[in-house]
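To start, the structure itself, in structure tokens.
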Amino acid sequence: MLNKYPLWKSLMVLFIVAIGAIYASPNLYPEDPAVQLSGLRGVETTAATLDTVKSHLDENNISYANIAMEKGQVLARFKNTEEQLKARDLLDDIMGEEYSVALNLTPATPSWLASIGGTPMKLGLDLSGGVSFLMEVNMQEAIVKVQKSLVDDFRTGLRGEKIRYRSVKNTNDSINVQFRNAEDLEKAETFLSKQNRDLLFVSNEGNLTLSASMTEQKLKETREYALQQNITIIRNRVNELGVAEPLVQRQGKKHIVIELPGVQDTAKAKEILSATATIEFRLVDTEGDLGAALNGRVPGSSQLLKERNGQPVLLKKRVMLTGDHIVDAGSSFDEYSRPQVNITLDSAGGNKMSSNTKSNIGKPMATVFIEFKPTDRVDSEGNTIFEKVEEVISVATIQARLGKTFRITGAGSQAEAHNLALLLRAGALVAPIQIVEERTVGPTLGAENVQLGFQAIMLGFGLVFLFMLVYYRAFGIVANLALGANLVMIIGVMSMMPGGAALTLPGMAGIVLTVGMAVDANVLIFERIREEIREGKSIQQSIHQGYDAAFSTIIDANITTLIAALILFAVGTGPIKGFAITLSIGILTSMFTAVVGTRTVVNAVWGGKRLDKLSI
Amino acid sequence: MQILQLKDTVAFMSYRKVALLLSIVLMLASVFSLATNKLNFGLDFTGGTLIEVGFEQTADLNKIRAIMETNGFDDAVVKFYGSSRDVVIRLATREGVKAEMLGNQVLDILQSGTGDKIDMRRIEFVGASVGDELAEQGGLAMLTALICILVYVAFRFEWRFALGSVIALFHDVLLTLGLFSVLQLEFDLTVLAAILAVIGYSLNDTIVVSDRIRENFRKIRVGGPEEVINISLTQTLSRTVITSITTLLVLAALFFQGGALIHGFATALLLGVFVGTYSSVYVASSIALALGISKEDLIPEVIEKEGADQEEMTP
């Protein structure tokens with residue numbers, strides 16, 4: 001029969017809309033004030049941490065709603081902000097050394113909703129308030145650094161092969177080696193090109209030079225590495241800021257976006273982001289008396305430092321190797337499946353390491369992480385005073401004479417090995433970064449934007465609702481149902497999207513625009529039905545024809561709009577991306593609700609009946 | 001209810017020469033204005049620093065300007081933003097100063113200078129290189145969008161329609177930009193987004209019309225291309241008008257309720273929807289007609305579902 005859907009099809013439509021509604025529903029619940037604790041630099045948050053937090057709160061009579069482990073963090077929820085602030089100050093005082101303590105607003109999503117992945121929409125910075133930075137990695141510098149280390153490599157390599165050369169220099173985009181005779185030039189070319197397969201060698205017999213330049217591939221790898229390394233370091237530092245839900249993301253080829261919701265003190269954030277860090281390898285002073293040192297009698301050639309877990313270590317002052325010789329560090333597993341950290345040094349570093357470890361086999365070596373952290377104090381010129389913070393991140397026994405590549409085993413868990421590798425890499429920043437864009441949104445403006453956006457959506461929705469009702473009467477109601485379902489589905493899909501898809505003010509504008517444009521599909525269908533009726537067709541025929549004929553038009557029209565939205569998504573950043581996202585989602589959901597959704601209702605109400613008139 | 005009750009076919013195409021002239025004049029005027037007045041680029045494109053502050057009472061702009069000047073910021077542009085209690089201060093990129101620290105510095109100056117309680121609403125700093133890149137990327141995005149759409153429409157319809165609709169889009173974008181230039185409205189990232197949305201909207205309109213023209217070319221055996229286009233435009237006119245109304249309704253909601261940050265966005269779309277509606281009627285169709293669209297171009301591609309009711313519908 002014409003205009004009848006089988007039951008399963010109607011149920012399917014209902015089911016899809018219901019799914020959308022379920023995932024949209026977390027947005028209806030309010031947010032709980034909470035404090036979150038996450039481990040700093042390799043410190044893991046465990047059930048023990050949870051108990052410590054509980055006991056501290058209990059001791060100080062701070063009441064909490066509940067405390068739980070969530071995504072590797074301890075999350076304590078409170079009934080009001082007053083208790084939350086008290087708890088933050090308390091926990092920061094006691095545990096702030098090892099943990100980042102951050103204020104957070106945690107959605108009070110019921111557990112059954114959370115268990116099926118229901119979360120509220122993430123708000124963009126323009127709505128939540130906070131600061132975003134765009135940082136640019138200085139790629140030129142990254143390439144120069146690699147070239148410089150290649151110059152060292154060439155020198156040591158040629159010397160090792162006993163090939164005589166006059167000079168090795170790096171110019172803008174190549175490394176030039178000058179020789180005394182053609183024979184050496186030839187030998188060097190064979191040797192160096194075998195050693196460095198990712199370089200392009202060009203020899204010039206006339207002036208006896210060999211020039212090496214990086215291949216496109218090598219250049220690309222160098223840039224990629226510089227970017228990744230910076231992202232790693234920034235993530236590490238952002239964690240120290242104690243910000244709930246920070247975002248650190250690459251953008252394009254040389255930019256990094258950092259979003260810190262809720263942060264107002266941008267000066268502090270900027271200082272921490274641009275703080276410098278380095279690594280030193282030093283021998284543990286095994287002869288010195290640790291007990292005496294703890295009482296203040298530290299030998300002149302040694303220094304007392306602390307390990308992560310608070311364990312004191314006595315270290316020799318002499319530095320075996322500094323972190324700027326580290327080329328790469330990564331974690332993997334050794335032959336007994338224990339986690340290990342693999343370190344690669346440049347050739348100068350390799351030589352130093354080799355001569356320094358030769359006579360120290362069997363002795364423990366410490367890795368010291370040094371950071372210059374900004375303090376609250378300023379000097380006479382108003383510049384922030386940086387405090388040098390030294391921390392022993394690993395102590396390992398030297399098993400053999402170490403060279404250009406070596407490994408540290410016994411680093412504990414795999415997570416710890418991974419963290420150690422990250423920190424080792426942080427020691428030698430290949431490329432400096434610079435803030436090229438910064439946007440700070442105050443909390444009042446953020447709240448205002450939410451309100452304005454919400455009002456605009458409601459007003460736009462209301463106006464269209466009224467218009468459709470007056471213009472199409474009964475069918476207007478159907479279109480309005482679809483419009484409502486569409487709004488719910490946009491919110492549902494937005495809430496389902498993991499990460500990245502935050503709701504922004506332009507995103508809200510996108511929703512408003514979708515509301516206006518989504519009815520277009522219904523207008524097309526309804527106008528077509530009217531036309532068919534005017535041409536004298538039966539009511540059922542007209543409905544059928546109306547939907548059929550309008551369908552391909554609707555598809556074409558929506559696909560082209562989708563093309564524009566996707567391009568906007570590819571190019572845009574932050575708020576604009578938010579607009580592109582809501583627009584794209586809106587286009588897709590509106591096709592479903594306006595075509596399939598309305599058809600289901602129309603079929604159920606009017607389908608298959610003998611009708612003389614239609615309320616359209 | 002019915003807004004347009006059209007009994008007869010409207011002879012749209014007989015006015016196409018007038019429309020063509022109007023479009024050409026407006027496009028030339030836009031180009032002229034863009035060349036002389038240029039666009040009033042926002043911070044996103046020019047780079048620099050912008051500080052928005054909220055005062056508890058109506059702010060005294062002259063006083064703020066004086067404070068800025070005595071502290072060495074002679075180039076500061078001080079304006080109200082949205083209301084008389086919100087003020088934006090815009091500074092150009094300056095050399096030798098750590099630009100990212102400028103925002104907080106200005107905030108301190110104002111705080112001590114006015115003695116009022118000041119609410120920091122927003123600080124934006126954009127490096128000059130970022131702005132340049134953005135302008136380049138934005139232009140590229142628009143171009144890519146137009147090319148992708150050209151390919152899609154050519155693939156789905158016919159190259160004459162494709163060319164017609166892309167020229168119509170170009171026309172819409174140019175006129176909207178022209179209006180922004182004439183009125184010296186600030187052109188920022190959200191406006192760029194709005195213009196891409198205009199492309200989407202205007203195309204939507206054009207596709208609906210083209211689709212009907214294609215359908216009618218297959219269905220209507222009598223009459224030349226001009227008449228078929230007129231019939232199609234008349235048939236789709238009430239849909240065009242209604243969709244424009246609903247879109248304008250929501251845009252009005254955004255314009256009046258969305259707040260100052262979204263004002264430029266709403267303005268661009270309002271202008272764009274007007275221009276887009278006009279262009280889908282006149283520009284796209286009349287270009288397809290001028291390029292010599294005819295029945296033969298569209299006949300070979302038979303779509304089955306339309307075959308069934310062909311006889312009934314032929315007048």
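Each reported figure results from applying straightforward, stated rules to the coordinates on display, with no laboratory input. No experiment lies behind these values; they were computed from the predicted model shown. All Cβ positions, even for glycine, are placed from backbone atoms using ideal geometry, and neighbour counts span all protein chains on display.
Per-structure values
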quantity: All-pairs alpha carbon distance profile, segment A:516-616, 10 Å steps from 0, percent; calculated: 15, 40, 24, 14, 6, 1
quantity: Sequence-separation-based contact order of chain A, relative, with Cα cut under 8 Å and 6+ spacing, percent; calculated: 17
quantity: Overall Cα dimensions of segment A:424-531 - principal axes, largest extent first, Å; calculated: 72, 29, 22
quantity: Pair-distance profile P(r), taking every C-alpha pair of chain A, with 20 angstrom steps and integer %; calculated: 15, 37, 29, 15, 4, 0
quantity: Alpha-carbon radius of gyration plus Dmax, which is the widest Cα pair, for segment A:140-218 in Å; calculated: 11.6, 35
quantity: Percent RCO, i.e. relative contact order, over segment A:30-108, from Cα pairs under 8 Å lying at least 6 residues apart; calculated: 49
quantity: Peptide-level mean, for B:137-148, of C-beta atoms on other protein chains within 10 Å; calculated: 4
quantity: For segment A:164-304, fraction of C-alpha pairs farther apart than 22 Å, in %; calculated: 66
quantity: Qualifying GluC sites (Glu not before Pro) for segment A:273-323 [loop in DSSP, other Cβ within 10 Å: at most 11]; calculated: A:GLU287
quantity: Cα-centre dipole for segment B:128-216 with unit charges at Cβ (Lys and Arg positive, Asp and Glu negative), debye to 20; calculated: 440
quantity: Segment A:56-140: chymotrypsin sites (Phe, Trp or Tyr not before Pro) in DSSP loop, at most 11 other beta carbons within 10 Å; calculated: none
quantity: In segment B:207-236, GluC sites (Glu not before Pro) in a DSSP loop with at most 13 other beta-carbon atoms within 10 Å; calculated: none
quantity: Evaluated over chain B, the Cα radius of gyration and Dmax, each in Å; calculated: 25.1, 83
quantity: Projected-area mean, segment B:48-126, by convex hull of Cα positions, square nanometres; calculated: 4.6
quantity: Calculated SAXS-style log₁₀ I(q)/I(0) at q = 0.12, 0.16, 0.20, 0.21 Å⁻¹ - segment A:1-159, Debye, Cα scatterers; calculated: -0.74, -0.99, -1.27, -1.33
quantity: Positive-pole candidate from A:GLN36, A:PRO107, A:TYR64, dipole of segment A:30-108, charges at beta carbon; calculated: A:PRO107
quantity: For segment A:490-557, average projected area of the Cα convex hull in nm²; calculated: 5.9
quantity: Between 0 and 90°, nearest 10: helix A:414-427 axis offset from chain A longest Cα axis; calculated: 70
quantity: Cα-only radius of gyration and Dmax that characterise segment A:30-108, units Å; calculated: 11.3, 34
quantity: Longest exposed-site-free window of chain A, the sites being trypsin sites (Lys or Arg not before Pro) in a DSSP loop that have at most 14 other C-beta atoms within 10 Å; calculated: A:298-608
quantity: Cα long-axis angle, helix A:443-496 against chain A (0 to 90 degrees, to the nearest 10); calculated: 30
quantity: Lys, Arg +1 and Asp, Glu -1 on Cβ, resulting dipole of chain B about Cα centre, debye, nearest 20; calculated: 600
quantity: A:GLU437 long-range amide H proximity, modeled H, under 5 Å; calculated: A:LEU134, B:GLY127
quantity: Equivalent ellipsoid semi-axes, segment A:99-138, via Cα gyration tensor eigenvalues times 5, rooted, Å; calculated: 28, 14, 12
quantity: For segment B:33-168, projected area of the alpha-carbon convex hull averaged over all directions, nm²; calculated: 11.3
quantity: Most positive-pole-ward Cα, A:THR232, A:LEU210, A:VAL168, against dipole of segment A:167-260 from beta carbon charges; calculated: A:THR232
quantity: Test item: Cα-centred dipole of chain A, Lys/Arg +1 and Asp/Glu -1 on Cβ, debye; calculated: 1380
quantity: Among B:HIS263, B:GLY276, B:VAL10 the positive-end extreme of the charge dipole of chain B (Cβ point charges); calculated: B:VAL10
